[in-house]
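Below: one structure, written as structure tokens.
Each value in this text was obtained by applying a stated rule to the coordinates, not by laboratory testing. Owing to the predicted nature of the structure, the values given are computational and were not obtained by experimental measurement. Cβ placement follows ideal geometry from the backbone for every residue including glycine, while neighbour counts extend to all protein chains displayed.
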Amino acid sequence: MKRVSPLFLVLLVLGFFFATYNLLTMIIHYKTSTSEQWDLSNPFIQMPGNLMEGEGSNSKYHVALTATDAQYSQWQCRIMYYWYKKVKEMPGSDMGKFTRILHSGKPDNLMEEIPTFVVDPLPEGLDRGYIVLNRPWAFVQWLEKAMIDEEYILMAEPDHVFVNPLPNLARGKHPAGFPFFYIKPSDHEHVIRKYYPEEKGPVTNIDPIGNSPVIIRKSVLEKIAPTWMNISLRMKDDPVTDKAFGWVLEMYAYAVASALHDVHHILHKDFMLQPPWDTEVGKKFIIHYTYGCDYNLKGELTYGKIGKWRFDKRSYLSGPPPRNLSLPPPGVPESVVRLVKMVNEATENIPNWDTLNRG
């Protein structure tokens, strides 16, 4: 049995045994506007009313992602780190250092290849098969124990690839996030109110985001992370909430935790694209390949049906994809073509690609 840290026990007790939010006593209230409406047709949305146009930060941000030692996670991290190194020094990038936060509790075979900080997983069984529940706990440990030089942090994921140099999109104490069309707090007010009491204001105060991608000041994340963890555990422990939110439960938990701390995000629709639904790369910064890309030989999308040509990360659960994947047929959108070419470039240049993950 691994030794559970006192910090975790304190947070766990708060999350499960208090009906009200004791952690609210630690909240620092930020003066923000909650009446501003968001126009998602703009490349970025100015959230707080006191945020002046052009105001920004040239500070470097630390790139951090959580991961496991499973081969499925490892090969994605290797590709992600390859493109981080390539894009980091390009003009317009504010990238600082990089950390893979490994929540498997022990080192793995990528320690020498990728800068890694090992943290403990949740106690056995607590995640109930929902591995993402380890993410907020991993960030709590990393923020408490690691030496982080940068003032800001980009929370990323293994299935992100940097397609353009990414500047620091945060503005002072206001983080930058990506608006997800399927995060709709107003549609679940009866559930949200279990965690976001009416005295905090309308549920429209809750941003339509997850924790990734987000660029956030380290001091702000240090306040949000314990609350994010507590709410994630409470949501998973509640059958109604678990059923309502499903695989995006942890994303809702981060959004609610941020709102409880009166932290509101500047929403950037160009922060990220998600093939096959987003068809052009343009000036977007990150490709998120969470969805399968299935096409017939005419270049027509066959989503929901396995295509004659396909790229789906879930096809490689037990090992990395081979080098030199076939390119899509003519007519497939640029975003998908670009993604496959970037995967091929990374696998061609990463040493021991075909052998390391099989150890």
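Details
- Here the ratio of the Cα radius of gyration of region 293-349 to 2.2 N^0.38 Å is 1.10.
- Computed from label points 7 Å out along Cα-Cβ, the spacing between Glu334 and Asp270 is 1.3 nm.
- Under-5 Å amide H pairs with Met272, H placed in peptide plane, nonlocal only: Phe285, Ile286
- The C-alpha atoms of region 61-267 occupy a region whose extents along the principal axes are 47, 39, 29 Å, arranged from largest to smallest.
- Relative protection proxy for 334-347, 105-118, from highest mean packing down: 334-347, 105-118 (other beta-carbon atoms within 10 angstrom).
- Estimated FRET transfer efficiency (Thr302, Ser59; beta-carbon r; R0 45 Å; 0.05): 0.50
- Each residue, Thr279 and Glu151, gets one label point 7 Å from its Cα in the Cβ direction; the gap between the two is 4.2 nm.
- Computed lengthening from Asp312 to Tyr291, 0.36 nm per intervening residue step minus Cα-Cα distance: 6.9 nm
- Each part gets one Cα centre, and for region 72-146 versus region 157-236 those centres are 19 Å apart.
- At R0 = 35 Å, FRET efficiency that the Cβ-Cβ distance of Glu345 and Trp247 yields, to 0.05: 0.70
- Surrounding net charge for Phe178, when Lys and Arg each add one and Asp and Glu each subtract one, Cβ distance under 13 Å: -2
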